[in-house]
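Below is one structure, written out as structure tokens, with a few remarks after it.
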Amino acid sequence: MVVAVTRPTRLNISQAAVTHNIQEVRQASQASFMFLAVKANAYGFGLIPMSQAAVAGGIDGLAVALLDEGLALRQAGLTEPTLILGITLPQYARLIAENNLIATVGSLAWLEAALQYLPVNGQRLQVNLAVDTGMGRIGFRERTELEAAITFMHEHREAFTYASIMTHFAEADAPEVDYFHQQLNRWHALTDGIEMPPLVHLSNSGAAMYHADEMPTDVIRAGTVVYGVEPSRGELRSDDYLEPVLTLETELVFVKKCHEGEGVSYGHTYYAHEGEWIGTVPLGYGDGLPRKLQGFEVIVDGVKRPIVGKLAMDQMMISLPYELPIGTTVTIIGRQGEQENTLEHVGQYTDLAPWEISTNLQERIYRQITD
Ligand SMILES: *Cc1c(COP(=O)(O)O)cnc(C)c1O
């Protein structure tokens, strides 16, 4: 998709916030090695700029969902250890190995299928074994098959390196801890006494923040907290230890004074009052904003003012407090003085999860790292 570099609409990634959050999480979780999940365009923040900011902020490794995302990191020159969290087709084993990525494997059959493509130029495939302790998504479910997979990797040392093992929690960020403990018990039942590789990691953000003491390892895979969102939405811990990373800003490109009863946007769901100043900004649902955002208050000249009328594909209108010049900054997500909007606010207003909002933000919004 075309990236709109000439349009005054920007998604900013705050380097200071990324660095701060990584330090806070490292301290709270006592992590010795932190992967940052940068799947789905880094939760929509922008795969490459977010990964660069995280590396500059002290992250140790990156985790993507797809091989293609891993390749994009390598093409951008990012050389950190990189996990592919999803299952890749075995015929890509060679491409994974060549690019020094770590493949997640959930069955012995996958290793057997991948073997015919390996090794490549003497380079072995680094394997991350996924253990399903109750997430119900991917991974080994039986101890015998897990042991067989490790034995198979040893029998084919020329092809595989046993680099990593993991599990994933379904409920690590809730006040209710029973299911979390069931999964942790299942982990011990499946893996105690089994040979462990250099990287052993169980924790997502929730487990890292609330269950660090119970973890058998200090390697974590964090997403949420590093992006500045408190995993329990303040239920288990206040969110003041995190800084919001993302700001979404645009500018007034057109300003007009309306007369009583003038309709605004498609379907005229809003009518101006006499003398009302209305501004237009170049951002719409075609950029991934939910149309349910109509009525949400954005920040302009330090005050909160509503989006009026339906969002159009590329533009939307804001009721201004008074006449303002073209070029005035309009903050959808972010802070101006005392006023702040966060991803969580947008989520609450539209009844969507913060990551449903951010992963929808389209490629055409220009992303950049700011101080
Ligand atoms: C997305 C993901 C993470 C990060 O989860 P957060 O809750 O955002 O910290 C960790 N591990 C796996 C397997 C994931 O898919």
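Miscellaneous remarks
- Reachable lysines from K292, criterion Cα separation under 25 angstrom, eight or more residues apart if same chain: K256, K304, K310
- Note on M313 and A28: the model spin-label points, each 7 Å out from Cα along the C-beta direction, lie 4.2 nm apart.
- Sequence-distant contacts, meaning Cα pairs under 8 Å at least 6 residues apart, place the relative contact order of the chain at 20 percent.
- Entry note: the range 246-370 has Rg to Rh equal to 0.95, where both radii use alpha-carbon atoms and Rh is the Kirkwood radius.
- Cα centroid separation - the range 301-318 against the range 226-267, whole Å: 10 Å
- Heavy-atom accessible surface of the range 1-148: percent carbon and sulfur, 1.4 Å: 51 percent
- Taking the DSSP bridge list for the chain and keeping only pairs wholly inside it, about 45 percent are antiparallel.
- Nonpolar atom fraction for the range 246-370, defined as the carbon and sulfur part of the 1.4 Å probe accessible area, stands at 48 percent.
- For T133, nonlocal amide neighbours, meaning residues 5 or more places apart or on other chains whose placed amide H falls under 5 Å from its own, are H168.
- Sparsely packed chymotrypsin sites (Phe, Trp or Tyr not before Pro) within the range 309-370, loop by DSSP, other Cβ within 10 Å at most 15: Y322
- Rounded tilt (10° steps) of 178-191 against the dominant C-alpha axis of the chain: 30 degrees
- Counting only protein heavy atoms and a 1.4 Å probe, the chain has 43 square angstrom of accessible area per residue.
- Overall, the anisotropy analysis places the range 31-222 in the oblate class: the square-rooted eigenvalues a ≥ b ≥ c of its C-alpha gyration tensor yield a/c not less than 1.5, with a/b not exceeding b/c.
- Cα convex hull of the range 1-136, projected area averaged across orientations, nm²: 10.6 nm²
- Structure-based [θ]222 nm, the chain - -39500 (n - 2.57) summed over DSSP H runs of at least 4, per residue, nearest 500: -7500 deg cm²/dmol
The values are calculated or read from the model by the stated rules, or taken from the named source; none is laboratory data. From a predicted model like this one, the values you see are computed outputs, not experimental measurements. Cβ: placed from backbone, ideal geometry, glycine included. Neighbour counts: every protein chain shown. Only protein heavy atoms, including side chains, enter the accessible area calculation; ligands, DNA and RNA are left aside. Shrake-Rupley method; radii C 1.70, N 1.55, O 1.52, S 1.80 Å.
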